[in-house]
């Protein structure tokens, strides 16, 4: 059986059912599938930015280990999330830094 880093026996985590097998066993995911995972990741990143004065020292070129250590998400999901935030003009992005842009809504 394969475990994700940092998960210990007895931990209580939210899981998502991926498949119910014919033998009655289930396959679980720890992150939602598809774009729901990206939306959730975007929210986590924005919350972290707000809690850290709008700046986080991680970016597009950061290591997968650093990203997982900070956000508990894969680099793939992280890059999709920061790409969406950048496209929505909510962040400024460099190789090793993310900066939350000021809210321009009135």
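In the chain, the longest principal axis of the Cα atoms and the axis of helix 35-51 are about 50 degrees apart. Working from Cα pairs under 8 Å separated by at least six residues, relative contact order for region 32-100 is 41 percent. Region 32-100 has equivalent-ellipsoid semi-axes of 16, 14, 11 Å, by the square roots of 5 times the alpha carbon gyration tensor eigenvalues, sorted largest first.
For the chain, the longest principal axis of the Cα atoms and the long axis of helix 75-87 meet at an angle of about 40 degrees.
Stretched out straight at 0.36 nm per residue, the stretch from residue 17 to residue 35 would grow longer than its current Cα-Cα span by 4.9 nm. Taking 83, 15, 54 as the candidate residues, the one with maximal mean-square fluctuation in a Gaussian network model of the chain, Cα springs under 10 Å, is 15. Between 22, 65, 40, the Gaussian network model of the chain with springs among Cα atoms under 10 angstrom shows the greatest mean-square fluctuation at 22. For 91, 17, 67, the sequence from fewest to most other C-beta atoms within 10 Å is 17, 67, 91.
Considering only 94, 12, 74, the Gaussian network model of the chain with Cα springs below 10 Å gives its largest mean-square fluctuation to 12. Estimated from helical segments only, the mean residue ellipticity of the chain at 222 nm is -11500 deg cm²/dmol, where each DSSP H run of four or more residues counts as -39500 (n - 2.57).
FYI, it's all coordinate maths here, none of it is from the lab. Just so it is clear, the structure is predicted and the values come from calculations on it, not from any experiment. With ideal geometry, Cβ positions are generated from the backbone for all residues, glycine too; neighbour counts draw on all protein chains shown.
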